[in-house]
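Bear in mind that the values in this text are calculations on the coordinates, not laboratory data. Bear in mind that the values here come from a model prediction, so they are computed numbers and not experimental data. Cβ placement follows ideal geometry from the backbone for every residue including glycine, while neighbour counts extend to all protein chains displayed.
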Amino acid sequence: MDKPIVQHSEFIPADKAAKEKTDSIESRQHIRLNLRLDADEDIMFACDGITVPLIDNHRWFEKLIGIANIKDIGLGGLGLITSCNLKVNQKICLSINNELVPITIMRIKKVNGKLNFIGAKWDIEDEQKIISVLNKIYKLSKS
């Protein structure tokens, strides 16, 4: 039998390049339903979606932060566009048909000088309540 060309242990394994951890849509546990009429349109110019007030809900009072436009929804959370200055892990509420829906800001991506795309998760433990909120948002998107 022929002698192998490469001897065992002849190669030194190269160090693998460190991978940067980045949050992406691939890290989601649930699919999202896009509320946009044309998903290919640049998000800066997209006027579709559902516009909702953003509320800072303290124990004693509710304070309007501003407005946002919901672009996609799912069991795990939602994506929205706003000019409000929000922070990751900030807890706020959406007002949907005068019902306060609690969310936590999970990621923020600058769209342009004024707008941010926000990824948020629902702060609702009961999945049936989340489904009820999703149905309300979906119905509003069709009206």
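Tabulated data for the structure shown
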{"quantity": "Ile130, Ile118, Ile92 arranged by Cβ crowding within 10 Å, fewest neighbours leading", "calculated": "Ile130, Ile92, Ile118"}
{"quantity": "Sequence of Leu64, Leu100, Leu54 once ranked by neighbouring C-beta atoms within 10 Å, starting from the fewest", "calculated": "Leu64, Leu100, Leu54"}
{"quantity": "Residues Trp122, Trp60 arranged by fewest to most Cβ contacts within 10 Å", "calculated": "Trp60, Trp122"}
{"quantity": "Loop sites in the range 91-134: trypsin sites (Lys or Arg not before Pro), DSSP, at most 16 other Cβ within 10 Å", "calculated": "Lys114"}
